[in-house]
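What follows is a single structure, written as structure tokens, with notes after it.
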Amino acid sequence: MFSERSLSPAVAAVRDQYAPDTTVLDVDQDFETLPPAVAEDLGLLADSLDPASYPVDWLPEHTPTVLEQYAGPAFTIGMPDDGTVVWTRQTEPPTVLLKQRAEGTPNGFLDFLIAEALVQIGCGIPEQFLPFFGPQYAELAEVTGLGPADVYQMAAALFEGWVGLQTREEFTSWDDQPEFEPLYETWVDAGDRLEGRLNDLSRSVAHGEMTFPEATEYACSAIKHGLELPTPFSALDTDAFREHEAAYAVQWAEKTVSSLSESTE
């Protein structure tokens, strides 16, 4: 089920610098959430397991089942839309997991995804958006008036944006570190691919071509690349969001949804 992955020299250098004890494993199946019984098999490869759970009152009345399961006592690794590479601190030492579909990912981009996970572990980033928002997740649902799936997407997007504020200085610093050069080039290329649609986000929402959560997701994915965001998303690329975290995210979402509602009346 799990096998240790051989790392490229650049990724090995990232692990040495940011998360030296972390185990990197290939998984022989795809998953959104790793089944608890399978996740517990990680105990054979880790020194110890420490499954996380969270208070039920952090969740609004209507919540996607997957989020309820994640908050519960079962050993849960991975959530929908996590992507090809996931990581967890519920093992000691931490573990990075590559889903089976990684086999079809270009090597250079896959190396960056692994390196990004290692940087996030080293920077002390929360594992998922729920512990980031805490009780303010229910507040996000209340102030936006969005449905359960949209609130989930919005929270995941805002969390990704905040993570990008924590990590992009690290990626930027790789420009003059030869051992990280291929990873830096991939990071720059990924940003270039995002830049084209950024200026159209507000228009796309206004014309019904994208939902507000979809546009937020796109904008927040650009934050880690330091790209210039259009209004109202530019308010997320700020020191205020970095410092005030979930409280700022909820305030921004409330204000923006209210503004969008007024503009369509």
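Can you quote the Å³ per residue value for the convex hull of the Cα atoms in segment 1-81, rounded to an integer? Don't jump to the answer; show the numbers that get you there.
Working: hull volume 10.5 nm³, N = 81.
Residue-normalised Cα hull volume stands at 130 Å³.
Per 0.36 nm of contour for each residue apart, how much would the distance between LEU44 and GLU179 grow if the chain were fully extended, relative to their Cα-Cα spacing?
Working it through step by step, the gained length comes to 45.3 nm.
Whole-Hz ³J(HN,Hα) for each residue in segment 223-230, computed from phi via Karplus 6.51 cos²θ - 1.76 cosθ + 1.60 with θ = phi - 60°, x for glycine and proline: what do you get?
These are the phi-based 3J(HN,Hα) values: 5, 5, 9, x, 7, 6, 9, x Hz.
Given a 1.4 angstrom probe, what's the average accessible area per residue across the chain, in square angstrom?
47 Å²
Using θ = phi - 60° and the Karplus form 6.51 cos²θ - 1.76 cosθ + 1.60, what ³J(HN,Hα) does each residue of segment 85-98 get, whole Hz, x for Gly and Pro?
Values, residue by residue: 10, 10, 9, 8, 9, 7, 10, 10, x, x, 10, 9, 10, 9 Hz.
Provide the solvent-accessible area of MET210, counting protein heavy atoms only and rolling a 1.4 Å probe, rounded to the nearest 10 Å².
Here the accessible area works out near 20 Å².
Under a plain spin-label model, where a point goes 7 Å from the Cα along Cα-to-Cβ, how far apart in nm are VAL66 and GLU195?
It is 3.2 nm.
Mind telling me which of VAL86, VAL66, VAL163 comes out most flexible in a GNM of the chain, alpha-carbon contacts under 10 Å?
VAL66
Please compute the contact order of the chain in relative form: average sequence separation of alpha-carbon pairs under 8 Å and at least six residues apart, divided by the residue count, as a percent. Present the calculation step by step, with values, prior to reporting the outcome.
On the way: 365 pairs, mean separation 51.0, N = 265.
Reported as a whole number, the value is 19 percent.
Using a probe of 1.4 angstrom, how much of the accessible area of the chain is carbon and sulfur, in percent? Don't skip to the end; give the middle numbers.
On the way: 5770 of 12500 Å².
The computed percentage sits at 46.
Note the full-extension length gain between ARG101 and ALA247 as 0.36 nm times their separation in residues minus their Cα-Cα distance, in nm to one decimal.
Fully extending the segment from ARG101 to ALA247 adds 49.0 nm.
Given 0.36 nm per residue, what is the gain on full extension from ASP28 to THR231 after removing their alpha carbon distance, in nm?
Stretched fully, the ASP28-THR231 segment lengthens by 68.8 nm.
Please list, in chain and number order, the residues 5+ apart from VAL24 or on another chain whose amide H is under 5 Å from its amide H, with Hs placed from the backbone.
HN-HN under 5 Å from VAL24: ARG5, VAL96.
What nm value, rounded to one decimal, do you get for the distance between SER6 and GLU209 when each label is placed 7 Å out toward the C-beta?
Going from the SER6 label point to the GLU209 one covers 4.6 nm.
In Å, what is the Rg of the alpha-carbon atoms in segment 131-264, and how long is Dmax?
Over segment 131-264's Cα set, Rg and Dmax evaluate to 15.4, 51 Å.
Determine the relative contact order of segment 1-127: mean sequence separation of Cα pairs under 8 Å and six or more apart, normalised by residue count, in whole percent.
Values: 185 pairs, mean separation 43.6, N = 127.
Once normalised by length, the contact order is 34 percent.
Considering only protein heavy atoms, what is the solvent-accessible area of THR84 at a probe of 1.4 Å, reported in Å² to the nearest 10?
Approximately 20 Å² for this residue.
Could you order LEU260, LEU44 by accessible surface area, starting with the largest, using a probe radius of 1.4 Å?
The ordering from most to least exposed comes out as LEU44, LEU260.
Across segment 26-34, in residue order, what do the Karplus-derived ³J(HN,Hα) couplings come to in whole Hz, using 6.51 cos²θ - 1.76 cosθ + 1.60 with θ = phi - 60° and x for Gly and Pro?
Couplings: 8, 10, 8, 8, 8, 7, 8, 10, 5 Hz.
Using modelled backbone amide H atoms (1.01 Å from N, in-plane), which distant-in-sequence or interchain residues come within less than 5 Å of ALA52's amide H?
For ALA52, whose amide H was placed from the backbone, the distant partners under 5 Å are THR76.
The values are calculated or read from the model by the stated rules, or taken from the named source; none is laboratory data. Given the structure is predicted, the values throughout are model-derived calculations rather than measurements. Positions of Cβ are backbone-derived with ideal geometry, glycine not excepted, and every protein chain shown enters the neighbour counts. Surface areas here come from the heavy atoms of the whole protein model, side chains and all, with no ligands, DNA or RNA. Shrake-Rupley method; radii C 1.70, N 1.55, O 1.52, S 1.80 Å.
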